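Take a look at the structure below.
The values are calculated or read from the model by the stated rules, or taken from the named source; none is laboratory data. This structure is a prediction, so every number in the text was calculated from the model and none was measured. Using ideal geometry, Cβ is built from the backbone for each residue, glycine included, and neighbour counts are taken over all protein chains shown. Protein only, heavy atoms only, side chains kept; ligands, DNA and RNA dropped before computing areas. Shrake-Rupley method; radii C 1.70, N 1.55, O 1.52, S 1.80 Å.
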Amino acid sequence: MDIAQLTPDQTVLWEAGCVHLTATVVWTWAVMALMIVGGWSITRRLTAGPDPSRWQTGLEAIVSHLRQEISEITGDRDPGRYVPFVGTLFSFIAVSNALTIVPGYIPPTASLSTTAALALTVLVAVPIYGIAESGLGPYLRQYLQPNVLMLPFNVIGEVSRTLALAVRLFGNVMSGVKIVAILIAIVPFFFPLVLSALALLTGLIQAYIFAVLAMVYIASGMRVRAAAPPSTSPSTSESEHG
């Protein structure tokens, strides 16, 4: 990756008129193709027997851990309805970041356009799960709590946390890639290998954090905030006891 370039969006591999094929698009499709082929290869020979393959065991461990994390966040005993969405987010980010050890590879998560798209899916998923859980009316009414004057602030809060989710992932991945690229140019031996391993670990952690935050936002959207009960005046309380 060219040190002077901030994101892979600046690397144009092919263009025709107003159509530009950037490194972000190419590597995004490469990651998706790898995930599709890998998922098909692992799941086509699933077995319930006592001797599953190592790949199946690893996949089952990941899914089991995701289900446990989702269950702890939502309090739902059956987290299966969230696994496809949250698991896809985690898998895509984790694979994208893990491939940074491949020479010449530029992670699409180092592009703000990619992280913004991932954050937008979370923004859309929050009301979908919230409405499915509590209904359209109760979900929309929570934006008016504790009173109608809070509507714009609640909406701004939803948008701002989505922006923070995108910028956070972009900043962490992009900075890691740039640091490794700079050190390879300066000291092209031992230290870049160590930092590549560190970047791999950091990338997996970022995938985990993004998935957990997405689930936290979804869970918060499903907990409809009830209106505050009317306060009881001292005179009313005394009359009731009297």
### Task
Can you work out the accessible area per residue across segment 113-162, with the rest of the protein chains kept in place, probe 1.4 Å, in square angstrom?
55
### Query
Any idea of LEU140's accessible area? Nearest 10 Å², probe 1.4 Å.
90
### Mean projected area (nm²) of the alpha-carbon convex hull when segment 125-166 is viewed from all directions
3.1
### Message
Roughly how far apart, in whole Å, are the Cα centres of segment 57-73 and segment 92-127?
### Response
21
#### Entry: Qualifying trypsin sites (Lys or Arg not before Pro) in segment 1-76, DSSP loop, other Cβ atoms within 10 Å at most 10
ARG44, ARG45
### Message
Using a Förster radius of 35 Å, what is the FRET efficiency between GLN145 and ALA30 based on their Cβ-Cβ separation? Nearest 0.05, please.
### Response
0.20
### Query
Could you give the nm distance between label points at LEU201 and TRP14, where each point is 7 Å from its Cα heading toward the beta carbon?
4.0
### Query
With contacts defined as alpha carbon pairs under 8 Å and 6 or more residues apart, what's the relative contact order of segment 34-183 in percent?
21
### Message
Just to compare against my own numbers: the Cα pair-distance distribution for segment 59-175, 10 Å bins, whole % per bin, please.
### Response
12, 32, 35, 17, 4, 0
### Summary
A chain fully extended from ASP51 to ALA132 at 0.36 nm per residue, minus the present Cα-Cα distance, gains in nm 25.2 nm
